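All remarks here apply to the structure that follows.
None of the figures in this text is laboratory data; all of them are computed from the coordinates on show. Because the structure is a prediction, the values reported are computed rather than measured. Ideal geometry is used to build each Cβ from the backbone, glycine not excepted, and the neighbour counts take in all protein chains shown.
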Ligand SMILES: [Zn+2]
């Protein structure tokens, strides 16, 4: 899990959010779900508030009750380690001593993981915090990629056309005009060839046939402006 997952959570794109069926079989699942949902929604709102501040302050953190809330949770998270399938596994758990802080009971494990990841990320320098961006188009948060120095749009919106409507319209008009000119030119050439052939057939000398054919074209199709 990294900062991108945290931003996904802020954007409402975190998969667990869509299917919070982890505790479906619990006898009080309905009421637990309601409290859990409340905890999720509130965390999301607070997270967004902090992200907005980071963006406005260009990577600097500012004190707020929202940040204090996450810090409090962070202070109550302990790491538990165990070995599984030959690997060391790290788990975030709420310190049992602080479980009397009733509100923490409603935080699903994955949400605790998200908050823990976010707090760890906030330990980074301004340079990294500044890479949190909000897409100018879809308004979703994203973490700036290494490839770009300045990125206004998320990876999806980068592929869209962001040229202003009036400039787009002008370009379309210009290319239409050019296409029309090309078509007119083709038409004139075709008519010229046809008339020239006819005049030669009728026995006119080449220079006369050329002159007459040109006159016919101008007469019938006027000149290109
Ligand atoms: Zn976007």
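Annotations for the structure displayed:
- A Förster radius of 45 Å combined with the Cβ-Cβ distance from residue 109 to residue 162 puts the calculated FRET efficiency at roughly 0.65.
- The Cα atoms of the chain give a gyration tensor whose axes a ≥ b ≥ c have a/c of 1.5 or more with a/b greater than b/c, which makes the shape prolate.
- Using alpha-carbon coordinates, inclination of helix 206-221 to the longest axis of the chain, degrees: 50 degrees
- Relative to the longest principal axis of the Cα atoms of the chain, the long axis of helix 29-56 lies at roughly 60 degrees.
- Ascending count of other beta-carbon atoms within 10 Å, so fewest first, for 6, 109: 109, 6
- Nearest 10 degrees, 0 to 90: helix 65-75 Cα axis against the chain principal axis: 60 degrees
- Cα gyration tensor, region 156-202 - rounded (a/c under 1.5), prolate or oblate: prolate
- Each Cα pair under 8 Å and six or more residues apart adds its separation to the average, and for the chain the resulting relative contact order is 18 percent.
- Packing order of peptides 58-68, 34-44, highest average first: 34-44, 58-68 (average count of other Cβ atoms within 10 Å over each peptide's residues).
- Per-residue ellipticity at 222 nm, computed for the chain from helices alone with -39500 (n - 2.57) per DSSP H run of at least four residues, works out to -18000 deg cm²/dmol.
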